[in-house]
Amino acid sequence: MRRLLLTALAAAAAAALAVPVAQATTQARSFVLYAKPTGAQFVNHADDRERGDFINPFNADTLPTPPSANSGKKGARAGDKGVFTLKLFADANLKRPVGSAVYACTFNFAQEAVCTATFETSKGTMFAMGPAKLDGATIVLPVTGGTGQYAGAHGQLTSAAASTKQNTQLIRFRLV
Amino acid sequence: MMRPLLTRVLLTAVVLLATALPASAASGAARAPQKITVYAVPATVQFMNHADDRLRGMSTNPFSLKEQAVILNANGQQKGNGPFPGDDMLYAFTIYGDAKRSAKIGTAMFTCYFQIAKRATCEAYFDLASGLVLASGQVPFGAKRFTLGVTGGTRSYFGALGQAVSAPSTGNAQRFDLSVTASPR
């Protein structure tokens, strides 16, 4: 009788433990950070672009279209680069700093840039990459990896203007 | 006294086991890769010729004198129009769902940074109606067949991993066979 009781309790305990473990491996975890810009460097590659229009490895006949579609606004045309640094906070009032972020972006066409983003906190680093519109719209980037507690992180982040503070981004991470 | 307690314990164990099983089964079930075939037609290209930066980098750089010995110099190696190390190229594509190009289903963008021997590291994204697929890898200049690793995605391709195999298609189109395993959202 005692053995049966122990077995039942053990099974119950194992089952109770198994649920959170199983869920931990399948459910996404979400959290929010607030980002305030601290610095920016724009790199204007106008000379490289102009040279590239004339000296390039393509057969002129096979070029898809002339770079007239390069319609970025002044100072942000295809091939230009931008580096942006941000300070990360855990709260909307920007009172609890938790780390920093860097976006390294290469501008392409139609006021869009391809950005590689790095988020560094005391828990580790996360990497994200993808397209970002320059018109202030919401940015959704795939999260491609990380270090420390974020080692093997995968998922996506959504960055949008925070309603609470001016010039602040609310970044929502969803990771698996 | 003992029997009702035992019954209750057993019932609790059964209930707990029953609730645990679906979660365990869900975690154990591997998601089958999603196969997507798309056809990419070049829309716009921008080549960035960094000849001046390369030339400046040969004389002004952060390396020690000893390390400078490995820096490539013009010395007859950079004849022609490249691409040479440091050049980069932006390639925009229109994406179609079939080889006949009957319906546009998205866009793709390749950003390629050239290294040595006309090989580039390319970062690409396929912007489709159901989400974004991110891929990257090595592409020799002019290569029609290459494979990129899928490193992430958004929405329907949340947490995606897999590969994108490229092969020539009709006309100037490139066929991409995407094999993507997305994570549960």
**OP:** Measure off 7 Å from each Cα along the Cα-to-Cβ vector at A:V83 and B:Q34, then give the distance between these two points in nanometres to one decimal.
**Re:** 3.6
Original post:
What order do you get for A:I171, A:I55 when you list them from fewest to most C-beta neighbours inside 10 Å?
Top reply: A:I55, A:I171
Original post:
What distance in nm separates the simple spin-label points at B:N81 and B:F146, each placed 7 Å from Cα in the Cβ direction?
Top reply: 1.8
Subject >> Linear extension gain, B:M58 paired with B:D98, 0.36 nm per residue minus alpha-carbon span >> reply: 9.7 nm
**OP:** Starting from the Cα-Cα distance between A:A46 and A:S100, subtract it from 0.36 nm times their residue separation and give me the gain in nm to one decimal.
**Re:** 16.4 nm
**OP:** In vacuum, with every alpha carbon of segment B:31-181 counted as one equal point scatterer, what does the Debye formula give for log10 I(q)/I(0) at q = 0.10, 0.19, 0.20 Å⁻¹? Two decimals, please.
**Re:** -0.43, -1.09, -1.17
**OP:** Just check segment A:72-172 against the gyration tensor rule for me: Cα atoms, a ≥ b ≥ c as the square roots of the eigenvalues, rounded for a/c under 1.5, and otherwise prolate or oblate depending on whether a/b exceeds b/c.
**Re:** oblate
Original post:
What number comes out for the charge environment of B:T170, summing +1 per Lys or Arg and -1 per Asp or Glu over other residues with Cβ under 12 Å away?
Top reply: +2
Original post:
Which of B:A173, B:F47, B:G86 sits farthest toward the positive end of the charge dipole of segment B:31-181, with +1 on the Cβ of Lys and Arg and -1 on the Cβ of Asp and Glu?
Top reply: B:A173
Original post:
Cα gyration tensor of segment B:90-173, axes a ≥ b ≥ c as square roots of the eigenvalues: rounded (a/c below 1.5), prolate (a/b > b/c) or oblate?
Top reply: oblate
Original post:
Given labels modelled 7 Å from the Cα in the Cβ direction, how far is it in nm from A:N59 to A:A160?
Top reply: 4.9
**OP:** Take the cross-link list B:K66/B:K144; B:K79/B:K104; A:K36/A:K81; A:K133/B:K104 and give me the ones stretching past 28 Å between alpha-carbons.
**Re:** B:K66/B:K144; B:K79/B:K104
**OP:** Count the net charge of all other residues whose Cβ sits under 13 Å from the Cβ of B:Q138, scoring Lys and Arg as +1 and Asp and Glu as -1.
**Re:** +2
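Each value in this text was obtained by applying a stated rule to the coordinates, not by laboratory testing. Keep in mind it's a predicted model, so treat the numbers as computed, not measured. Backbone-built Cβ (ideal geometry, glycine too); neighbour counts: all protein chains shown.
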